[in-house]
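Take a look at the structure below.
The values are calculated or read from the model by the stated rules, or taken from the named source; none is laboratory data. Everything numeric in this text was worked out from a predicted model, so none of it was measured. Backbone-built Cβ (ideal geometry, glycine too); neighbour counts: all protein chains shown. Ligands, DNA and RNA are stripped out before the accessible areas are found, and what is left, the full protein with its side chains, is counted by its heavy atoms. Shrake-Rupley method; radii C 1.70, N 1.55, O 1.52, S 1.80 Å.
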Amino acid sequence: MTVETFYDDDADLGIIQGRKVAVIGYGSQGHAHALSLRDSGVDVRIGLPEGSKSRAKAEEEGLRVLTPAEASAEADLIMILAPDTKQRKIYADDIAPNLKDGDAIFFGHGFNIRYGLITPPSNVDVAMVAPKGPGHLVRRQFVDGKGVPCLIAVEQDATGGAQALALSYAKGIGGSRAGVIKTTFKEETETDLFGEQAVLCGGASALVQTGFEVLTEAGYAPEIAYFEVLHELKLIVDLMYEGGIAKMRYSISDTAEYGDLTRGPRVITPSVKEEMKKILGEIQDGTFATEWVNEDEAGRPNFTKLQQEGEAHPIEQVGKKLRGLMSWVDRPITETA
Ligand SMILES: NC(=O)C1=CN([C@@H]2O[C@H](COP(=O)(O)OP(=O)(O)OC[C@H]3O[C@@H](n4cnc5c(N)ncnc54)[C@H](OP(=O)(O)O)[C@@H]3O)[C@@H](O)[C@H]2O)C=CC1
Ligand SMILES: CC[C@](O)(C(C)=O)C(=O)O
Ligand SMILES: [Mg+2]
Ligand SMILES: [Mg+2]
């Protein structure tokens, strides 16, 4: 299956520069989109509730901050970058009553459209610009003259210009410097959830914590275990990022490569692959989405408990101490949010 990929020359920045954009939310993605769009010459305002702790950060950057309803009423393109579980209510209370013919409603992740939590009217464009990276690095890469790849999707093309608008928006945040791939809300949502659960966040965190536990329970120093399974992971992944698994294997010793080839499949066994398939199934059939929405509505009891357990894991203590000794490691993820 081939994908359509777009770069800077395929996108017209003038389109987004001609719109009035409201960015609802000013967290990881919100601050990155708002600041980079502004730096790209776009008319941006931020929508945040009165009393939101993000208000001061946006105002410090000289951005105009309104309530979500005011920002939506003023804008003709509304990008929702509030938490996925809050978007349905924000949409119903603040955005829907303020939508006008030909407006555009944009998402940074397809969750609410994919699982039917938001159903926009037929007279507006509905599109997605989803960066494939954490918001703070989306901003850092933009400032450095680079970009994080983005996915775009059009769910509804009321004006006939939704795709060009999404591409233009992606250019405004630096995405088309790296490549913008056209997809659907369904494909983005399912692959993004799978990636973060099974590999990037869930899989990687559990792998690191388990490796640390095995070494320390066997009596090895926590500091050595930390460097071995967490700190050095970044350096190994940097090589994968630059040149794939092949470049990483080129750089490591042949002893490491033999261990990689023969022991890796003993860690990630066929049963792990089976569990990954089950996780994908729960994403595809909506089980995960229902569980997460219910957990949020119940006040996040399980989420909070697991989050606290993660923060109390011994790897966090030793890591904090060691990072404190390496001034270049523990830098703020951005200066702005
Ligand atoms: N984090 C990431 O890097 C990525 C996120 N995404 C997607 O981007 C979207 C935003 O996620 P993320 O950036 O992580 O979110 P964050 O949790 O970092 O930030 C959420 C922001 O929304 C604000 N907010 C909370 N409630 C409301 C409300 N009722 N009205 C308006 N604003 C509100 C918060 O303000 P306050 O300070 O008051 O809490 C905060 O500024 C999600 O759809 C997510 O899936 C996509 C790709 C990567
Ligand atoms: C990997 C997590 C992510 O999907 C992301 C940064 O892309 C997210 O939802 O934060
Ligand atoms: Mg993601
Ligand atoms: Mg995600």
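Some points to look at:
- Annotation: Pro121 fulfils all but one of (1) more than 15 Å from ligand 2 (Cβ to nearest atom); (2) out of contact with any Lys or Arg (no Cβ under 7 Å at 6 or more places or on another chain); (3) in a helix (DSSP H, G or I); the unmet one is (3).
- Pair list, Cβ < 6 Å and 6+ apart or interchain, from the range 112-127 residues that are among the aromatic types (Phe, Trp, Tyr) to residues that are not in a loop (DSSP other than H, G, I, E, B): Tyr115/Ala289
- Listed by position, the helices (runs of 4 or more DSSP H) contained in the range 1-103 that have at least 1 residues being within 21 Å of the chain's Cα centre (by Cα) and within 19 Å of Gln163 (Cα to Cα) are 28-39.
- So Leu215, is it away from ligand 3 (no atom under 16 Å from the Cβ), over 30 Å from Ala164 (Cβ atoms), in contact with a Pro (Cβ under 9 Å, 6 or more places away or on another chain) and without any contact (Cβ under 8 Å) to a residue 24 or more places away in the chain: yes
- In the set (1) closer than 24 Å to Thr189 by Cα; (2) more than 16 Å from ligand 3 (Cβ to nearest atom), the condition left unmet by Gly30 is number (2).
- Matching residues in the range 194-224 - criterion: being of a type in the set (A, V, I, L, M), under 16 Å from Gly133 (Cβ atoms) and open to solvent by less than 60 Å² (accessible area, probe 1.4 Å): Ala204
- Inter-residue pairs, beta-carbon under 9 Å, first more than 24 Å from Ala164 (Cβ to Cβ) and in the range 174-198, second away from ligand 2 (no atom under 15 Å from the Cβ) and among the small types (Gly, Ala, Ser), 6+ apart: none
- Qualifying position, being within 16 Å of ligand 1 (Cβ to nearest atom), in a helix (DSSP H, G or I) and loosely packed, with under 14 Cβ neighbours inside 10 Å, among Thr304, Thr290, Thr262: Thr304
- Just one of the listed residues (Ala75, Ala130, Ala104, Ala71) is touching a residue at least 40 places away in the same chain (Cβ under 8 Å) and within 16 Å of ligand 4 (Cβ to nearest atom), and it is Ala130.
- Enumeration of residues in the range 7-27 that are touching a residue at least 24 places away in the same chain (Cβ under 8 Å) and surrounded by fewer than 22 Cβ atoms within 10 Å (Cβ to Cβ): Tyr7, Asp8, Asp10, Asp12, Leu13, Gly14, Ile15, Gln17, Arg19, Lys20, Gly27
- Highlighted here are the helices (runs of 4 or more DSSP H) found entirely within the range 147-199 that include at least 3 residues which are within 11 Å of ligand 3 (Cβ to nearest atom): 185-194.
- Among the residues making up the range 307-320, a single one is under 23 Å from the mean Cα position of the chain (by Cα) and either open to solvent by less than 60 Å² (accessible area, probe 1.4 Å) or among the hydrophobic types (A, V, I, L, M, F, W, C) (or both): Gly310.
- Scanning the range 55-66 for residues that are open to solvent by less than 20 Å² (accessible area, probe 1.4 Å), among the small types (Gly, Ala, Ser) and more than 10 Å from Val21 (Cα to Cα) turns up at least one hit.
- Condition met for Phe142 (of a type in the set (A, V, I, L, M, F, W, C) and within 16 Å of ligand 3 (Cβ to nearest atom)): no
- Ala127 being small (Gly, Ala, Ser) and in contact with a helix residue (DSSP H, G or I) (Cβ under 6 Å, 6 or more places away or on another chain): yes
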